[in-house]
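To start, the structure itself, in structure tokens.
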Amino acid sequence: MLNFEGLQAHVTLESALKIQQENIRATKMNQRELTKILSKKINLPAKKTRKLIESFGDVISLAVSKGEKVTYSNFGTFYLVNYPSKVINHPIFGKKKRTVMLATNVVKWMPSDSIKDLVNHHLQTENVTTFGAAKTIREAKKKAGIAEYKALDISKAEHSALIEIQKKEKEPAPEEEITEIPIRVIKKDWTDLPITHLDTPVRRTTPFTRALSQVEYIDLSKIQIPSTILCLVPKEIAHRTKVVPIDLKDEILIIGMTDPTDHEALDTIKKLVRKQISPRLISEKDLTQILNRYDMLGIESAQATTKPAETRQIDWKKTTPVSRVINLILKRAVREQATMIHFDTEDDDIVVRFRIGDQLLDKASLSKSLHQKVLAHFKRLVDQSEEKNGVTRQLFSLNVAGVPEEFELIGITAVDGEKIVIKTKNRLKELKKLTEIGFRDRDYQAIIENAPRPGVNLITGQEDVGRAGMFYALADFYRDQNLHVVTLEKSPALAVSGVSQIDMNKIPGFDLNATISTLAAFDCDVLMLDSIPGAEIFNQILTLFAEKIIVISVEAYDSITAITTLLGTGINPAVFAKKLNLILASKEISRLCPHCRELVKIDSKTVRQIRDILADLPADERARLRRLGSHFYQGQGCKKCNGSGHIGNTMMLELLVANEKIRDLIADDFDAEKIRKEALKNHFTTYAQDGIIIALIGEVAISDVLPEIK
Ligand SMILES: [Zn+2]
């Protein structure tokens, strides 16, 4: 007998599935949108609505997980389907490799007839989603001209499909055909699941579960672990073993781990701390959070951080690998802003010394037996070293707190053996705004007014870092003005977004002349060069970019010497003078240690000198400075600054704004003194003035400022 209804259902199911596969609707509503809509519909605050949805989900999840069926009339039924494990052909290797599908529980939702009608007939009714309103749907169907019968009986079809599946599962699995331990490979994350065997497993308490049951769980989200405890396990080891120290009680170290049965990790930690350890089970989330804290603290090693800062000698364990020792020394050097690291051989030791400021300080001593190893390690760090007159120099980089730092290795073959000096490369690390560099008030106003004018702006100073800082700050400034900036650089130190940077070193056979011509025809508003081009090219730039902005970085002491340097290349003074706009100059100066600076008295001669320097400032600026008082500071020396009174460097700035008179002076007979005098009348802050200003606010010592002034 032909079961028409059943056949139709089957056919419809098949075609429905086909449609489903071919045409999955991509629109998706997320929880936020659902909350918003619901909240509006039932006129309940969003917060309460979210709670309601969550509770609804919770109740259903809980009931279904217990095997209960949850039926919400006119909406549908949530139920649990259990697919027992079975042997299938491997999805990739086919019959050759039989695979076990693990027993799985799947939650299904069987929609109610009204939902199905709604979905399939796109009924437009206002209250159709109000459950229990079957009548509304019926009316809507009638209105739409849909007959009152079940057009798409998915429930029946699905039911028979389920019966089919269940029938197949009852057939005995062909166990003898299985040749290897099957692993699920259909989905990547499934491979993590424990493998279930086809035969009923004998319940046994394995060491795994026993150990697990004895370990106490600890919620670390409520506990703040002091950094002194975190230091007990170095960051690298914590990351590798996934073990974090929690507390130290009666010489027993309490540690947290996500897998307390990881004996290898336990052994590593035991050996490391040389203490008794007591593991606790922690959540994956807590572990990640603590490992992140390690990264923020920059804790690298127990040795380097548990020792107080004043301890100059690092007590290296003989077993510590040389590479680790050296990495720690280099990292510490960067942290302490050392400019040089010396490895000196002395009697029985290698003494490691840092040059910080103008002092050479003993920092660590290594056993002399390590000497050859240290040498060998450095030779490995550098790819190939160039040797010249017994001195080798080579750049290498190393990650320090996640930031690559550059070092220069200088090897010296001395009478008593090989000596190693490492120079830390002080590179520009971040983009700063002009105001952050220190151009403030009237100086910044002058830059805003003059920098966007067509013409030539110079950036100068003797230190690469200072010039690079101003170069990128200015590039960024122009970019903010919606100008298209193109830079021509040799190995850019920074990438400035929105600025077209051309690395001249990276282009084989780079032709500056040809590039300039191309750029002139190109849509470029600002052309920036990180070094002085030859006179011929400079003249070409002045012609081709006559209506555009040109910025050139010139290595010179101050703004006046920058002009001299540029004129020295043989450019036409008259043409250059006509175009000159601004000159920004910077000079490095030691920054006072904020921890130990104290007020100092200055003698009357210095007071007079300061007064003379400030006399050139406009009256309102002088009045503003007077309000700061006349206090000057001096570093006393403390542990934080290694007794030097200084920590790092800052800049003294100079700004020259060209006017017609200055331009005439440059073009006619270049007289530095006349230009200086004229410039002072017209927004020109000198190193001396800026130095005094930053000395007044306690950033630098006045005794450091005055000798720096020519
Ligand atoms: Zn200090």
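The values are calculated or read from the model by the stated rules, or taken from the named source; none is laboratory data. Predicted, not measured: the structure shown is a model, and the values here were computed from it. FYI the Cβ positions are ideal-geometry reconstructions off the backbone, even for glycines, and counts take in every protein chain you see. Note: areas computed on protein heavy atoms with side chains; ligands, DNA, RNA excluded. Shrake-Rupley method; radii C 1.70, N 1.55, O 1.52, S 1.80 Å.
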(message) At 0.36 nm per residue, and after removing the present C-alpha to C-alpha distance, how many nm does the segment from Lys677 to Ile448 gain when stretched out fully?
(response) 80.1 nm
(request) For region 572-685, take the alpha-carbon Rg, divide it by the Kirkwood Rh, and send me Rg/Rh. (result) 1.10
(message) Quick check: from the Cα gyration tensor, does region 434-708 come out rounded (a/c under 1.5), prolate or oblate?
(response) prolate
(request) Give me the distance in nm between label points sitting 7 Å out from Cα along the Cα-to-Cβ direction at Asn539 and His595, one decimal. (result) 5.8
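At 0.36 nm per residue, and after removing the present C-alpha to C-alpha distance, how many nm does the segment from Lys419 to Phe56 gain when stretched out fully? Write down the numbers at each step before the final one.
Working: separation 363, 0.36 × 363 = 130.68 nm, distance 7.32 nm.
Result: 123.4 nm gained on full extension.
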(request) Arrange the residues Lys116, Lys69, Lys368, Lys578 by how much accessible surface each exposes, largest first, with a 1.4 angstrom probe. (result) Lys578, Lys69, Lys368, Lys116
(message) Could you report the accessible area of Thr345 in Å², rounded to 10, computed with a 1.4 Å probe on the protein chains as they sit in the structure?
(response) 40
(message) Just to be sure I understand the model, the point goes 7 Å from the Cα along the line to the Cβ. What's the resulting Leu398 to Leu80 distance in nm?
(response) 5.7
(message) Under the rule of at least 5 residues apart or a separate chain, name every residue whose amide H is placed under 5 Å from the amide H of Asp247.
(response) Ile254
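Can you pull a Stokes-Einstein diffusion coefficient for region 482-554 at 37 °C (0.692 mPa s), Rh from Kirkwood over Cα pairs, as a whole number of µm²/s? Before the final figure, lay out the partial values.
Details: Rh = 12.5 Å.
Here the translational diffusion coefficient equals 263 µm²/s.
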(request) List, in the order given, every pair from Lys275/Lys373; Lys48/Lys116; Lys363/Lys423; Lys368/Lys429 whose Cα-Cα distance in the structure shown is over 27 Å. (result) Lys275/Lys373; Lys48/Lys116; Lys368/Lys429
(message) Heavy atoms only, 1.4 Å probe, whole protein assembly: order Tyr687, Tyr72 by accessible area, highest first.
(response) Tyr72, Tyr687
(request) Leaving ligands, DNA and RNA out of it, work out the accessible area of His239 with a 1.4 Å probe and give it in Å² to the nearest 10. (result) 70
(message) Largest first, please: the extent of the C-alpha atoms of region 214-304 along each principal axis, to the nearest Å.
(response) 34, 27, 25
(request) Pop a pseudo-label 7 angstrom from the Cα along the beta-carbon direction at both Ala521 and Ala546 and give the gap in nm to one decimal. (result) 1.9
